[in-house]
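Worksheet: one structure, shown below.
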Amino acid sequence: STQMAACCLSPGCHIASCSQKGVPSQTGERMPQTPPFAAMFDSSGYTRNLYQSKEDNCGGLYYHENNLLSGSLEALIQHLVPNVDYYPDRTYIFTFLLSSRLFVHPYELMAKVCHLCIEQQRLSEPGLDKNRIRKIAPKILQLLTEWTETFPYDFRDERMMRNLKELAQRIASGDEMYRKNVQQLLQNLIRKLATVSQYEEVLAKINATSTDRLTVLKTKPQSIQRDIITVCNDPYALAQQLTHIELERLNYIGPEEFVQAFVQKDPLDNDKSCYGDRKKTRNLEAYVEWFNRLSYLVATEICMPVKKKHRARVIEYFIDVARECFNIGNFNSLMAIISGMNMSPVSRLKKTWAKVKTAKFDILEHQMDPSSNFYNYRTALRGAAQRSLTAHSNREKIVIPFFSLLIKDIYFLNEGCANRLPNGHVNFEKFWELAKQVSEFMTWKQVECPFERDRKILQYLLTVPVFSDDALYLASYESESPENHIEKDRWKTLR
């Protein structure tokens, strides 16, 4: 059982570290600095004056007032590749690596980038000039560093790894002084991929053992003597442990999963979908499953007690937990708790609710009210995001968005705009917007949880059996009998 909770006990692996772990330049010129994600996009979604270093309004790229609006896929790939006088802006790197997978497999992109680097810098020539290598190697290494740090999951593909190693070896063999940097880059990447595999194994174990609570009640009633309040009677402590789970699961979602969720056929590609292996969104899916689990856990805990006053106490307890989640900036747990309380097996318990002081609950419901496209929630989220930017402590940095809404926003942005313009160009304006939304998420997922872990509570939250829909209705009717024909019929069937 300790192994199961290990998922929440493994050290967080920070996938896209904002710090500049770039390669020190050997020639005295400064390497492009890597700004933190929060600073990457200005309010309009474009970074101004990015492209001063490469005047290029022809060559298949179209600009307006220094903003790259569109380009042919080939020109955009070329724009990603550094040369002796040029290094692509970091916002461009992030935006293109994020969105290019709608048109080309990451491994095909990697192959093209490697090919261009080798051809243009003549890295395949036998008598390779060390000076030339010293001018270009730091830049190529920097590009590979940004790719492996921000999109490490791309490298779970053997073909990606092969290309990466080949290009890295060429640089290292051209000049001994880069060997260490290359090794460092590969070690960091391999460590990250090992951590994510471990995390996925633990998730699979947890899912394999999660049984329906009703089955357990019938077979081993004594094993469910505990309820949430006996495990953790302090709503603040529970909110903090929920925040642990949220931040850990958020941290494992790769930015590309948002785009891969929407991959369709590329219109210029008649036969093959760009992503035949669509199942590259498993961490995103695991996070959505966690939200559902939490909602069902809340409903289960409320419907289980036999006595009305106990049920009312559990409801009030969860209202306090939800309030504390709101104060922490954990909107995802907050929403899961509210939706658990609004499930019909819970909301039909009129006599129970009559015993609850609901004023606090009404305030929370108002905050998460879906009308006007979740206006109140979006205002609260903006407030939390602002607070996070100026925060001095990790506690103030926490922003955990209501995740299904974030996915929905990205989905509508994707649906509302074409990926390609009528002339076949890639619609880069759309991808700036997409990258802007995802980069905000990248900032939030890097926050380390400031609260102490409590294994016992984490274990309970992640592994205790919860009721299915039917079991919830059954428990609900047994607590407060059916009120109309529909409910009576349903109760009969269930029994």
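The values are calculated or read from the model by the stated rules, or taken from the named source; none is laboratory data. This one's a predicted model, so the numbers in the text were calculated from it and none came from an experiment. Reconstructed Cβ throughout: ideal geometry from the backbone, glycine too, with neighbour counts over all protein chains shown. Note: areas computed on protein heavy atoms with side chains; ligands, DNA, RNA excluded. Shrake-Rupley method; radii C 1.70, N 1.55, O 1.52, S 1.80 Å.
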Conditions (1) touching a Phe, Trp or Tyr at 6+ places or on another chain (Cβ under 8 Å); (2) within 22 Å of Ala312 (Cβ to Cβ); (3) outside any helix (DSSP H, G or I); number of the one not met by Leu364: (3)
Filter result (open to solvent by 80 Å² or more (accessible area, probe 1.4 Å), within 22 Å of Arg455 (Cβ to Cβ), in a helix (DSSP H, G or I) and modelled with pLDDT under 75) within region 183-229: Ala208
Single unsatisfied condition, Glu448 versus (1) closer than 26 Å to Glu289 by Cβ; (2) within 18 Å of the chain's Cα centre (by Cα); (3) in a helix (DSSP H, G or I): (3)
Out of Glu452, Glu487, sole residue that is under 23 Å from Ala312 (Cβ atoms) and open to solvent by 30 Å² or more (accessible area, probe 1.4 Å): Glu487
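Within region 90-127, track down each residue that is over 19 Å from Asp154 (Cα atoms) and either free of Cβ contacts under 8 Å to residues at least 12 places away in the same chain or surrounded by fewer than 21 Cβ atoms within 10 Å (Cβ to Cβ) (or both).
Leu116, Ile118, Glu119, Gln120, Arg122, Leu123, Ser124, Glu125, Pro126, Gly127
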Number of the exception - His392 against (1) assigned to a helix (DSSP H, G or I); (2) open to solvent by 60 Å² or more (accessible area, probe 1.4 Å); (3) not aliphatic (A, V, I, L, M): (1)
Some residue of region 460-481 being open to solvent by 20 Å² or more (accessible area, probe 1.4 Å), part of a helix (DSSP H, G or I) and under 23 Å from Tyr236 (Cα atoms): yes
Gln386 vs. criteria over 30 Å from Tyr477 (Cα atoms), open to solvent by less than 60 Å² (accessible area, probe 1.4 Å) and either outside any helix (DSSP H, G or I) or not aliphatic (A, V, I, L, M) (or both): no
Residue within region 335-350 that is open to solvent by less than 10 Å² (accessible area, probe 1.4 Å) and within 21 Å of the chain's Cα centre (by Cα) present: yes
Filter result (in contact with a Leu (Cβ under 8 Å, 6 or more places away or on another chain), open to solvent by less than 10 Å² (accessible area, probe 1.4 Å) and either among the charged types (D, E, K, R) or under 13 Å from Glu396 (Cα atoms) (or both)) within region 308-330: Arg311, Cys325, Asn330
One residue from Leu494, Leu434 being among the hydrophobic types (A, V, I, L, M, F, W, C) and closer than 30 Å to Met304 by Cβ: Leu494
Boolean, Ser439 is hydroxyl-bearing (Ser, Thr, Tyr) and either part of a loop (DSSP other than H, G, I, E, B) or modelled with pLDDT of 95 or more (or both): no
